[in-house]
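Visitor: Pasting a structure here, questions to come.
The values are calculated or read from the model by the stated rules, or taken from the named source; none is laboratory data. Just so you know, these numbers come straight off a predicted model, no measurement behind them. Because the Cβ atoms are built from the backbone with ideal geometry, glycine has one as well, and the counts that use them run over all protein chains shown.
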Amino acid sequence: MRAISWIAVSVFRESVRDRVPYNLVLFAVLLIASSFLLGQLTAGQDVKIIKDLGLAATAVFGLFIAIFIGIGLVSKEVERRSIYALLAKPISRPQLILGKYAGLVLTLAVNVAVMTVALYAVLAYMTWTESAQFQSAWDAPGIDPALFKAVFLIFVELMLITALALFFSTFSTPLLSAALTFGLYIVGHFNADLRNFEQVVDSRAAAWLARGLYHVLPDLSAFDVKTEVVHGLAVPAGYVAMTTAYGLIYIALLLLISTVIFSRRDFK
Amino acid sequence: MPPAIKIEELTKDYAIGFWRKRPYRALDRLSLAIEPGEVFGFLGPNGAGKTTTLKLLMQLIFPTSGRAEILGQPVGHVATRQRIGYLPENPYFYDYLTAEELLEYFAQLFGYGAADRKQRVAALLDKVGIGAERRLQLRKFSKGMVQRVGIAQALVNDPEVIFLDEPMSGLDPLGRREVRNLILQLRDQGRTVFFSSHILADAEALCSRVAVVAGGRLAASGRLSDILAFEVRGWELVVAGVTPAMLARLTPVAHRTTEISAGRYALELSLDHPPERVLADVAAMGADLVSLNPIRDTLEDFFVRRVAEAGSARPGQEDARARD
């Protein structure tokens with residue numbers, strides 16, 4: 001366990017020093033801040049726009065960070081051969097995978113936290129400057145604790161994407177891993193459509209294939225509760241818990257398969 | 001006492017080709033035993049199978065057949081790695097960590113406490129000649145400096161067995177001498193050092209025993225002196241006070257005659273001419289014997305010849321392997 005935590009800390013340190021995530025977080029914060037200006041242009045809709053843009057920025061930039069660093073965790077180590085010296089240390093290959101994953105989740109947690117603080121800061125400023133009468137027209141309060149539910153599910157989704165990136169990077173090149181992860185991210189968001197595929201096609205085989213894919217591929221749309229939160233609609237705690245459990249089970253399976261592949265791999 | 005490293009019939013095939021995969025044998029039934037406290041040189045040209053062997057010993061790759069043990073445990077035994085150090089060939093570490101941080105990180109993985117780590121890392125970096133640069137990120141390091149950091153990280157746990165893959169690579173002459181001294185220090189401390197190299201002078205200066213691999217096969221192994229003695233190619237006879245008449249009688253038995261100075265000649269005798277008979281002739285002629293020395297193969301000569309032999313034998317073997 002200690003070895004896993006040391007590896008995680010080193011991944012975190014590496015990624016903090018790497019400027020890519022810095023720039024991404026900075027850009028996201030700027031975007032969230034500028035949403036305030038954009039909100040000014042649309043009377044009455046301002047707080048919704050800020051929340052929408054803020055949550056979208058957190059999700060998209062989180063995705064970039066997850067893919068950028070996630071694929072680098074293993075495939076770059078293999079490609080640059082830094083893994084040789086590491087694997088000669090008294091750590092097992094599964095420990096290495098879990099440590100790398102934990103490190104990236106830690107990095108993501110910090111980045112998502114920064115973006116969330118930026119979003120809340122803008123919303124706090126809005127709430128502070130707008131009159132009570134104006135605020136009463138909002139669907140949900142400016143500083144809405146329900147936003148946390150959306151951010152939390154975005155975070156679980158990012159954890160899942162990181163696990164996907166890690167999974168691909170255990171057997172393919174960095175570029176291919178990035179492309180595959182991004183591809184699955186897109187597919188994952190349209191996955192729910194596969195469930196209803198049989199209603200639009202006649203072929204039984206195609207319908208079965210679609211159903212099979214629906215069960216195998218991650219259903220990422222389940223993690224997206226931005227619209228509900230922004231419009232002040234209820235997101236039941238049970239839904240958040242179930243979706244989180246789904247995400248964690250999927251992550252556990254991905255990590256398990258990753259460790260199995262990684263444990264048998266030749267580093268030529 | 002069991003061998004520090006035991007390699008038995010270790011074989012590694014790689015699949016090459018894109019569509020029609022065919023096996024390529026990178027290492028062919030290698031067997032070696034390295035005793036504790038030995039400095040063992042693992043020699044061979046590029047592509048001979050040295051790095052493949054080291055990777056198999058570190059379980060970075062898995063053998064097709066055969067087995068290996070380090071300190072009595074099969075390779076891959078995680079706890080045994082507590083007692084071994086490894087420098088990969090052309091090592092590469094993390095761009096954004098400093099030399100100090102990298103070593104601290106590796107020391108953490110060995111379970112050292114904070115105070116011990118700091119002291120150990122500082123001492124090691126001093127030992128390999130990394131000064132104030134230790135606080136620079138590794139991406140700013142030259143190849144030679146990375147190599148030094150690589151050597152330091154291989155020693156961070158005070159290992160009993162140290163594997164060094166081309167330790168002198170990328171180092172300037174001063175660096176090479178320092179690493180040589182470091183290996184000798186390790187030997188004096190009773191450590192086992194297994195190092196691969198294609199630089200034969202290093203092996204000649206450091207090793208108690210060597211193995212030469214070529215084309216994935218063991219070409220020779222043993223004490224350096226044994227291998228060289230086996231390869232005596234002839235004799236060099238230096239005589240003085242030689243008159244032209246004497247020279248005319250001596251020249252037919254020598255396959256090369258070199259005049260060193262007036263009346264003094266160096267004669268190279270082939271193994272067909274026993275030196276005892278020639279010495280008797282020299283004495284009978286009244287010339288003065290200055291010296292008689294065996295002409296041995298240098299390791300360099302041996303190396304080139306064995307590699308050439310392995311190379312010429314290889315096409316047939318390849319076919320046989322492909323059929324397997």
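Visitor: If you take the residues in the stretch B:71-102 that are away from chain A (no Cβ under 11 Å) and either touching a strand residue (DSSP E or B) at 6+ places or on another chain (Cβ under 6 Å) or among the aliphatic types (A, V, I, L, M) (or both), which one is farthest from B:GLY129 (Cα to Cα)? Break it down stepwise before answering.
Guide: First, the residues of the stretch B:71-102 that are away from chain A (no Cβ under 11 Å): B:71-74, B:99-100.
Checking the rest, the ones that are also either touching a strand residue (DSSP E or B) at 6+ places or on another chain (Cβ under 6 Å) or among the aliphatic types (A, V, I, L, M) (or both) come to B:71, B:99.
Values: B:LEU71: 30, B:ALA99: 12 Å.
My answer is B:LEU71.
Visitor: Scan the stretch A:1-24 residue by residue and report those that are within 10 Å of another protein chain (Cβ to nearest Cβ), crowded, with 17+ Cβ neighbours inside 10 Å and at pLDDT below 75. Let's see the steps before the verdict.
Guide: Going through the stretch A:1-24, the residues within 10 Å of another protein chain (Cβ to nearest Cβ) turn out to be A:2-3, A:5-7, A:9-11, A:13-19.
Keeping just the survivors that are crowded, with 17+ Cβ neighbours inside 10 Å gives A:3, A:6-7, A:10-11, A:13-15, A:17-18.
Result: A:ASP18, single match.
Visitor: So which of B:PHE141, B:PHE106 ends up being of a type in the set (Phe, Trp, Tyr) and either at the interface with chain A (Cβ under 9 Å from one of its Cβ atoms) or closer than 23 Å to B:LEU56 by Cα (or both)?
Guide: Numbers: B:PHE141 fails: either at the interface with chain A (Cβ under 9 Å from one of its Cβ atoms) or closer than 23 Å to B:LEU56 by Cα (or both).
From the options B:PHE141, B:PHE106, the qualifying one is B:PHE106.
Visitor: Residues that are over 26 Å from A:MET242 (Cα atoms) and of a type outside the set (Ser, Thr, Tyr): list the helices (runs of 4 or more DSSP H) wholly contained in the stretch A:155-226 that include at least 2 such residues.
Guide: Fully inside the stretch A:155-226 and qualifying: A:174-189, A:204-216.
Visitor: Going through B:GLU178, B:GLU204 one at a time, which residue ends up being in contact (Cβ under 8 Å) with a residue 40 or more places away in the chain, in a helix (DSSP H, G or I), touching a Ser or Thr at 6+ places or on another chain (Cβ under 9 Å) and of a type outside the set (Val, Ile, Thr)?
Guide: Details: B:GLU178 fails: touching a Ser or Thr at 6+ places or on another chain (Cβ under 9 Å).
Of the residues listed, the single one that is in contact (Cβ under 8 Å) with a residue 40 or more places away in the chain, in a helix (DSSP H, G or I), touching a Ser or Thr at 6+ places or on another chain (Cβ under 9 Å) and of a type outside the set (Val, Ile, Thr) is B:GLU204.
Visitor: It is to be established whether one or more residues within the stretch B:122-134 are within 9 Å of chain A (Cβ to nearest Cβ) and either touching a strand residue (DSSP E or B) at 6+ places or on another chain (Cβ under 6 Å) or buried (at least 18 other Cβ atoms within 10 Å of the Cβ) (or both). Can you show your working first?
Guide: Of all residues in the stretch B:122-134, those within 9 Å of chain A (Cβ to nearest Cβ) come to none.
So far as the stretch B:122-134 goes, no, none of its residues is within 9 Å of chain A (Cβ to nearest Cβ) and either touching a strand residue (DSSP E or B) at 6+ places or on another chain (Cβ under 6 Å) or buried (at least 18 other Cβ atoms within 10 Å of the Cβ) (or both).
Visitor: Further question: Identify, from the list B:GLY72, B:GLY49, B:GLY44, B:GLY17, the residue that is touching a residue at least 12 places away in the same chain (Cβ under 8 Å) and surrounded by fewer than 16 Cβ atoms within 10 Å (Cβ to Cβ).
Guide: Numbers: B:GLY49 fails: surrounded by fewer than 16 Cβ atoms within 10 Å (Cβ to Cβ); B:GLY44 fails: surrounded by fewer than 16 Cβ atoms within 10 Å (Cβ to Cβ); B:GLY17 fails: touching a residue at least 12 places away in the same chain (Cβ under 8 Å).
One residue alone meets the criteria, B:GLY72.
Visitor: I would also like to ask the following. Name the single residue that is nearest to the other protein chains (Cβ to nearest Cβ) among those in the stretch B:155-172 being under 23 Å from B:PRO2 (Cα atoms) and not in a loop (DSSP other than H, G, I, E, B). Working first, answer last.
Guide: At the first step, the residues of the stretch B:155-172 found to be under 23 Å from B:PRO2 (Cα atoms) are B:155, B:157-164.
If we keep only those that are not in a loop (DSSP other than H, G, I, E, B) as well, we get B:161-164.
On the way: B:VAL161: 11, B:ILE162: 11, B:PHE163: 8, B:LEU164: 12 Å.
If we take residues in the stretch B:155-172 being under 23 Å from B:PRO2 (Cα atoms) and not in a loop (DSSP other than H, G, I, E, B), then B:PHE163 is nearest to the other protein chains (Cβ to nearest Cβ).
Visitor: Suppose we filter the stretch B:52-69 for residues that are buried (at least 18 other Cβ atoms within 10 Å of the Cβ) and either of a type outside the set (Val, Ile, Thr) or within 21 Å of the chain's Cα centre (by Cα) (or both); how many remain? It would help to see each step written out before you state the result.
Guide: Going residue by residue through the stretch B:52-69, those that are buried (at least 18 other Cβ atoms within 10 Å of the Cβ) are B:52-61, B:63, B:68-69.
Now narrow it down to the ones that are either of a type outside the set (Val, Ile, Thr) or within 21 Å of the chain's Cα centre (by Cα) (or both): B:52-60, B:63, B:68-69.
Qualifying residue count for the region: 12.
Visitor: Which ranges mark the helices (runs of 4 or more DSSP H) fully within the stretch A:25-130 that have 2 or more residues being among the charged types (D, E, K, R) and surrounded by fewer than 24 Cβ atoms within 10 Å (Cβ to Cβ)?
Guide: Details: elements: A:46-71, A:83-87, A:93-129.
Output list reads A:46-71.
Visitor: Follow-up. All but one of (1) surrounded by 18 or more Cβ atoms within 10 Å (Cβ to Cβ); (2) free of Cβ contacts under 8 Å to residues at least 24 places away in the same chain hold for B:PRO252; state the number of the condition that does not hold.
Guide: Just one mismatch for B:PRO252, condition (1).
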